[in-house]
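Asker: I have a structure here, written as structure tokens, and I will follow up with some questions on it.
The values are calculated or read from the model by the stated rules, or taken from the named source; none is laboratory data. This is a predicted model, so every value here is computed, not measured. Don't worry about glycine lacking a Cβ; one is built from the backbone with ideal geometry, like all the others, and counts go over all protein chains shown. These area figures cover heavy atoms from the full protein model, side chains too; ligands, DNA and RNA do not enter into them. Shrake-Rupley method; radii C 1.70, N 1.55, O 1.52, S 1.80 Å.
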Amino acid sequence: MNKHTKLLMGILIVVLVLLVIATVSFSLDVSKSSKENHVQSADDSVSSNGNRITENEMHMYGVADSSGNMVIEAMWKHLYFIGTDYVVATQTEAGGGQTGILDLEGNVIVPFVYSEIQTLTSSFYLASFADSSCGRFVLYDDSFRAENACTWDDCQAEKDQITLRKEKDSFSFVISDDTLTLKKMELIRTDENTTFSVNYDAALSIDQLFPNQWRAMADVVQQCLSLLRTQDTESVAKITDSEHEKSVLQSFAVENADSIQWDEDIYLSENEAGSFVWQIGFQKGERHYTCIMNIAEGTDGTWMITGLQIN
């Protein structure tokens, strides 16, 4: 090895040593900075108001505001925004491993009892129970109010449509950007005095009536038909209010009512006053009659019979 070669090798060794020292120094500085700040950007998950999902050195997730201040402690296995004011959060395995929803103050908005929460539209979310004994699915709107949440036994989704089932009832919705539009509904009620089904094809936004409201109406109709057949006038107060009770009772008397044979199908429409008209035929002896029920929602949120007519 000549003198020039030895000099070149020496220079290369010095350069390599300097590179190693620089790399180690940079690594230490990054590590130190990470420990001092305790957060670093986990991904590009940023809400429209500047809040950002962050990850600490333990690979736990939290939320920092636009100034870098932590608003939700980095203690979650997974986080993602829904809208600007909420995050879907998943607990660690040690914490239970279940999923719920928090607001940006860390308050629990939707309880941690779900295995998954899916975004259907910008306003509706489908949560899957971790324990199926509670039911299997819950449909939430963007208020996350428990009274509007519906628990479902089954769910089938394909492309832009979702069908939800509860007992014998089913609702099929078309999924659009901001809402669910009712495409088809089937309600079935059966007891010892009454059996009927409702098939309703209408393009109604779910915001107009939630599925639990439709189901509550069907329950009131079932009660009304059962009371008509048994002529239990003392229980009429259970299906109407004091304002309408007298007019409902005036149409309640039906001779030989125990021989009524209800048709299988109910026809459903909406009148100009905003109440719903449920119409069912029945056979009594050799004659066929029609029972027409007007149903409206009371101030307390319960559905009631506001008008009854038998033709």
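Asker: When only residues in segment 252-280 that are among the small types (Gly, Ala, Ser) and more than 21 Å from Thr306 (Cβ to Cβ) count, which is least open to solvent (accessible area, probe 1.4 Å)? So that I can check it myself, show each step before the final result.
Answerer: Of segment 252-280, the ones among the small types (Gly, Ala, Ser) are 253, 257, 259, 269, 273-275.
In the following step, the residues that additionally are more than 21 Å from Thr306 (Cβ to Cβ) were identified as 257, 259.
On the way: Ala257: 5, Ser259: 50 Å².
The residue in question is Ala257.
Asker: Next up: For segment 59-86, what are the residues that are in a loop (DSSP other than H, G, I, E, B) and either within 20 Å of the chain's Cα centre (by Cα) or buried (at least 16 other Cβ atoms within 10 Å of the Cβ) (or both)?
Answerer: Filtering segment 59-86 down to residues in a loop (DSSP other than H, G, I, E, B) leaves 59-60, 65-69, 77, 83-85.
Correct list: Met60, Lys77, Gly83, Thr84, Asp85.
Asker: Moving to a separate point now. Only residues that are in contact (Cβ under 8 Å) with a residue 24 or more places away in the chain and open to solvent by less than 20 Å² (accessible area, probe 1.4 Å): list them for segment 46-58, please.
Answerer: Answer for segment 46-58, where residues must be in contact (Cβ under 8 Å) with a residue 24 or more places away in the chain and open to solvent by less than 20 Å² (accessible area, probe 1.4 Å): Ser47, Asn51, Ile53.
Asker: Just to be sure I understand, how many residues within segment 181-205 are under 23 Å from Asp160 (Cβ atoms) and either outside any strand (DSSP E or B) or of a type in the set (Gly, Ala, Ser) (or both)?
Answerer: Narrowing segment 181-205 to residues under 23 Å from Asp160 (Cβ atoms): 181-186, 199-205.
Adding the requirement that they be either outside any strand (DSSP E or B) or of a type in the set (Gly, Ala, Ser) (or both) leaves 201-203, 205.
Counting residues in segment 181-205 that are under 23 Å from Asp160 (Cβ atoms) and either outside any strand (DSSP E or B) or of a type in the set (Gly, Ala, Ser) (or both) gives 4.
Asker: Given the criteria at pLDDT below 90, loosely packed, with under 14 Cβ neighbours inside 10 Å and outside any strand (DSSP E or B), does Glu147 qualify? Give the derivation first.
Answerer: Working: at pLDDT below 90: yes; loosely packed, with under 14 Cβ neighbours inside 10 Å: yes; outside any strand (DSSP E or B): yes.
Spelling it out, Glu147 is indeed at pLDDT below 90, loosely packed, with under 14 Cβ neighbours inside 10 Å and outside any strand (DSSP E or B).
Asker: Then there's this: Among (1) surrounded by fewer than 19 Cβ atoms within 10 Å (Cβ to Cβ); (2) in contact with a helix residue (DSSP H, G or I) (Cβ under 6 Å, 6 or more places away or on another chain); (3) in contact (Cβ under 8 Å) with a residue 40 or more places away in the chain; (4) of a type outside the set (Val, Ile, Thr), there is one condition Ala216 misses while meeting the rest; what is its number?
Answerer: (2)
Asker: Could you check segment 187-239 and list, in sequence order, the residues that are of a type in the set (Ser, Thr, Tyr), within 20 Å of Gly281 (Cα to Cα) and under 22 Å from the mean Cα position of the chain (by Cα)? Walk me through it before giving the result.
Answerer: Pass one, segment 187-239, residues of a type in the set (Ser, Thr, Tyr): 190, 194-195, 197, 200, 205, 226, 230, 233, 235.
Filter once more, so that each one left must be within 20 Å of Gly281 (Cα to Cα): 190, 194-195, 197, 200, 226, 230.
Of everything in segment 187-239, just one residue is of a type in the set (Ser, Thr, Tyr), within 20 Å of Gly281 (Cα to Cα) and under 22 Å from the mean Cα position of the chain (by Cα), namely Tyr200.
Asker: Hand me the list of strands (runs of 3 or more DSSP E) wholly inside segment 87-137 holding 3 or more residues that are free of Cβ contacts under 8 Å to residues at least 12 places away in the same chain.
Answerer: Numbers: elements: 99-103, 108-119, 124-129.
Qualifying strands (runs of 3 or more DSSP E): 108-119.
Asker: On to the next question. Of the conditions (1) under 19 Å from Val277 (Cβ atoms); (2) in contact with a Lys or Arg (Cβ under 9 Å, 6 or more places away or on another chain), Leu209 clears all except one; give me its number.
Answerer: (2)
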